[in-house]
1. Just checking, which of D187, D201, D180, D212 is closer than 21 Å to G245 by Cα and surrounded by fewer than 17 Cβ atoms within 10 Å (Cβ to Cβ)?
2. Please give the number of the condition G231 fails out of (1) away from ligand 1 (no atom under 16 Å from the Cβ); (2) assigned by TED's automatic domain parsing to the domain that holds G71.
3. Taking the conditions exactly as written (away from ligand 2 (no atom under 16 Å from the Cβ) and within 20 Å of L336 (Cα to Cα)), does G374 satisfy them or not?
4. Against the definition (in contact with a Gly (Cβ under 8 Å, 6 or more places away or on another chain), within 11 Å of ligand 1 (Cβ to nearest atom) and not aromatic (F, W, Y)), how does G24 come out, yes or no?
5. Working only within the stretch 148-166, note down all residues that are in contact (Cβ under 8 Å) with a residue 40 or more places away in the chain and open to solvent by less than 90 Å² (accessible area, probe 1.4 Å).
6. Among the numbered criteria (1) farther than 30 Å from P275 by Cβ; (2) surrounded by fewer than 14 Cβ atoms within 10 Å (Cβ to Cβ), which one does I169 miss?
7. Between D21, D13, which is part of a helix (DSSP H, G or I), buried (at least 24 other Cβ atoms within 10 Å of the Cβ) and of a type in the set (D, E)?
8. Residue by residue through the stretch 19-48, note down the ones that are within 13 Å of ligand 3 (Cβ to nearest atom) and out of contact with any strand residue (DSSP E or B) (no Cβ under 6 Å at 6 or more places or on another chain).
Amino acid sequence: MSVSVLVGSQWGDEGKGKIVDILGERFDIVARYQGGANAGHTIVIEDQQFILHLIPSGILRDGIKCVIGNGVVIDPQALLDEIDFLQKHGFNFNDRLFISHNAHIIMPYHKVIDSINESGDNKVGSTGRGIGPCYIDKFDRKGIRVVDLLDKVELERKIRRNVAEKNEILKKIYNKEELDVEVILKDYLAFGNLIAQYITDVPTFLNNAINDGKSILMEGAQGALLDIDHGTYPFVTSSSPTSGGACSGVGVPPTKISSVFGIVKSYTTRVGLGPFPTELLGEEGDELRKWGAEFGATTGRPRRCGWYDAFLLKYSRMINGIERVAITKLDVLSNLDEIKVCIAYELDGKTLEAFPTTVNQLERIKPIYKILPGWKTDISHIRKYEDLPIETKNYLSFISEHSGFEISIISVGPKRSQTIEL
Ligand code: GDP
Ligand code: IMO
Ligand code: MG
C-alpha cells in the first residue's frame, strides 16, 4: 500500500505538474485535494504543452484514475473546457475521472466578488477565479455542492436564494449590476447533466482502493507558504495546500498516508502580493524570469523571482513532514557566475530560530546569504547525477543539507525526459 502526498513547498509553481506526471506512472490513482482553477500545472510531452487547472496531472498517463476531492472548489465551465480540450488531444475519460459529490461549486457571483475584492484595499493579487468567495460560502454553510447538481429542485432553490443575497450585496454595498438568476439557473442545470457521469462518493472509492492494495498520489495545488493557516497570511490562498489538507480534502485518514514528497524550485518565485525576503528586484530578477520563463500558467502574470531560501524550506519541511523532494528548474541557474542561498533570517540584529509568518516581521527581516560558485554550463541534456558539474552537485548538497531533506529527483528542463532520478 502506498498513499503519498505531493506538496508544493514554496509559493506555488514549483513544477508539481511535471513531477506528478513523472511519478504518476507508479500510482494507480492521482487525486487533487484542494484549490481550484487558480492552479496551473504544466506538463510537456514531446513538444506539446498541457496546462491543467482542475483535472489531476495523472490524466496524461494511460490507465491512471483521476479524482477531484471534496476539498477542491470546481468551476464547472472550466472543468468541461478542460475535459473537452484533453479529449480533443486523444486522452480518454472512460472510467478515469471521479469527482466528489461533496466538492463545492464556483458560481458566477464568486468571480464577481473576487474581482471586487481585488479592486479595494484588501487586494492580495488573486487569480480572479472566485476561489476565496467560494470557500467563504462553504464555511458559511451556504455553498452549492456537486451533489446539488443532481437534484434540480434543490439546485434551483439554492441558486435563487444565493443569487438574491449576492445581488443585494452587489447592489447595496458595491453599487454594481445585479446578476441574472435565470441565466445562472439555465447554465448550472446544464452543467449537472454533463458532469453527472463523473460524480462519485470519493472517500468510499479511495478507501476501497487502498484496501484493494492500490496506490494513490495526492496532488497538492499552490504551495505551503500560500496555505490559509501556515502561509504568509493574508497573502495566501483560501485552502490548505500543506500535506495536512490532503486527508480532509479527499476523505482518507492520516493513518493511511505513507509518505510526503516535496516539490522544490531551485530558486524562489511568487505571483501576486505579499512578502518575499529573497526577492531580486531589478535586472537580476528580470533575468531569472526570462531564463525560467516565469509567467503564470493560469493568468500569464510575470512571477516575482528571487534566491533559494533554505530557511523557508526548513519551515515548509516541518509543517508538511517532507522527507524527500524533487528539485526543479536547476537548468535555469546555469547562466549565473555566483548563486546565493539564504540560510538564516536576522530581525533587529538577532538571528531568528523560527520562520516568522507575520507580514510585519517578514517585511523587516534581513536574509543572510551564503554565496556559491555557479557552473556556467548547460545541464539540460544531462540524465545522470554523476555527469553533473561539481559546482551543481555542491549546490544540491548545500541546499539539501540546509533545508534538511533528501533529494530524489532533479529536473533539468520542462520535458518528461529532462529528469534525473537518484
Ligand atoms: P506547478 O503549478 O507547480 O505545476 O508549476 P507550473 O506549471 O505553474 O510552472 C512550472 C513551469 O516550469 C512550467 O512552465 C513547466 O513546464 C516548467 N518546468 C518544470 N520543470 C522544469 C525544469 O526543470 N526546467 C525548466 N526550465 N522548466 C521547468
Ligand atoms: P499552482 O497550483 C502560484 C496565488 C495568487 C495570489 C494568492 C491568492 O499553479 O502552484 P487565489 O486566486 O487563490 O485566491 O489567489 O495565491 N496563487 C498561486 N500562486 N501558483 C498557484 O497555483 C497559485 N494559486 C493561487 O497569485 O497571490
Ligand atoms: Mg502553476
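The values are calculated or read from the model by the stated rules, or taken from the named source; none is laboratory data. Everything quoted here is computed from the prediction, not taken from an experiment. Here the Cβ positions follow ideal geometry from the backbone for every residue, glycine too, while neighbour counts run over all protein chains shown. With ligands, DNA and RNA removed, areas are computed over all heavy atoms of the protein, side chains included. Shrake-Rupley method; radii C 1.70, N 1.55, O 1.52, S 1.80 Å.
1. Within the list D187, D201, D180, D212, the selection yields D201.
2. Going through (1) away from ligand 1 (no atom under 16 Å from the Cβ); (2) assigned by TED's automatic domain parsing to the domain that holds G71 one by one, G231 breaks only (1).
3. yes
4. When the stated conditions are applied, G24 does not pass them.
5. Answer for the stretch 148-166, where residues must be in contact (Cβ under 8 Å) with a residue 40 or more places away in the chain and open to solvent by less than 90 Å² (accessible area, probe 1.4 Å): D148, L149, I159, N162, V163, K166.
6. All conditions pass for I169, except number (2).
7. Among D21, D13, only D21 is part of a helix (DSSP H, G or I), buried (at least 24 other Cβ atoms within 10 Å of the Cβ) and of a type in the set (D, E).
8. G35, A37, N38, A39
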